[in-house]
Amino acid sequence: MGTKVNFINDNIFNEINSEKTAYWLGFLYADGYLRKYKYSYEIKLKLAIKDLQHLYKFKKFLSFSGKVFKTVGNNNNNELAEIRFYSENIFNNLCKFGCIPRKSLTIKFPLYLPTCLMNHFIRGYFDGDGCVTQSKDSVRISFVSGSYEFINEFQKYLIENLDLKNNKIYKSDIGNYYTLSWSNKENIIDFYNFIYKNSTIFLERKRIKFDNIIKNKKTKTIGIVNDNKIVKFWTHINLASKELKLGNREIIKRCKSRSDKLRFIKIPFFR
């Protein structure tokens, strides 16, 4: 019997011209692995086992007929899932678009991408190397990269296009990587609205976590939502009452209403 050859769409990354190609390029910028051998070109993506279904999304995107494997980490203490395939054309196209072998310290932010696709790329990168965390009194979004050039240009893009605050980039004392984060409430809402605008693909657990943080109803902070986008908020119900000239009871009543296109919600963590 001959060796089984797995099918894959070799042309999938010929152009970055759609939500899916931009998203998966961003994800591969974060977590992808490329290696060129003498006679083959390897690409693989390895995630925690809890994100197994996300690899199946990637497999479907590639039209890949091969398997998704379960494996373990270097210390045999964490279960992982991995997809691995070989394609010279995909390898070369990824390199052309900046996703290169041994990329950790050398990748550059893809300023060549059109504006209409940048939120999908950034969402992919966020799903791979970003996180959203919540403590008792605050929420933070953070990114890591081994490339200062990448994370610096990334911040510049968000400052110029989302008006995010210019924050300090920190170099780790224990590893060769840089960290960038925001905890400003306006910045977090702007980033949330930006990355999930017109999105159909994302890491489910991270989207659910972010949704729950933004839309949690346990505090008295008030926001106005139009078509699921937060367009205005106040850090206390009394401030909303004063500006809108509505009583607190009327605002709370509107927070419970689901009938209006333009409606009120309660937002977490802002005090």
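At-a-glance table
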item	result
Kirkwood Rh in Å, taken over all unlike Cα pairs in segment 101-183	13.5
Rel. contact order, % - alpha carbon contacts under 8 angstrom, at least six apart, segment 13-103	34
Candidate aspartates and glutamates - alpha carbon under 14 Å from residue 46, same-chain residues fewer than 8 apart omitted	31, 79, 82, 127, 129
Low-density loop positions, trypsin sites (Lys or Arg not before Pro), segment 102-182 - DSSP coil, at most 16 other Cβ in 10 Å	102, 108, 136, 165, 168
Sparse-neighbour loop sites [chymotrypsin sites (Phe, Trp or Tyr not before Pro); segment 70-124; at most 15 other C-beta within 10 Å; DSSP]	112
Cα convex hull of segment 19-210, projected area averaged across orientations, nm²	11.9
Out-of-range pairs (alpha-carbon distance over 31 Å; input 44/168; 206/242; 50/108)	44/168; 206/242
Residue pairs, from the table 36/70; 36/67; 59/215, whose Cα atoms sit over 25 Å apart	59/215
Cleavage-rule hits, chymotrypsin sites (Phe, Trp or Tyr not before Pro), segment 1-71, DSSP coil, Cβ neighbours within 10 Å at most 14	7, 37, 39
Two-decimal ratio, segment 40-150, of alpha-carbon radius of gyration to 2.2 N^0.38 Å	1.21
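Each value in this text was obtained by applying a stated rule to the coordinates, not by laboratory testing. A quick note: this is a predicted structure, and the numbers were derived from the prediction, not measured. Glycine also receives a Cβ, built like all others from the backbone with ideal geometry; neighbour counts cover every protein chain displayed.
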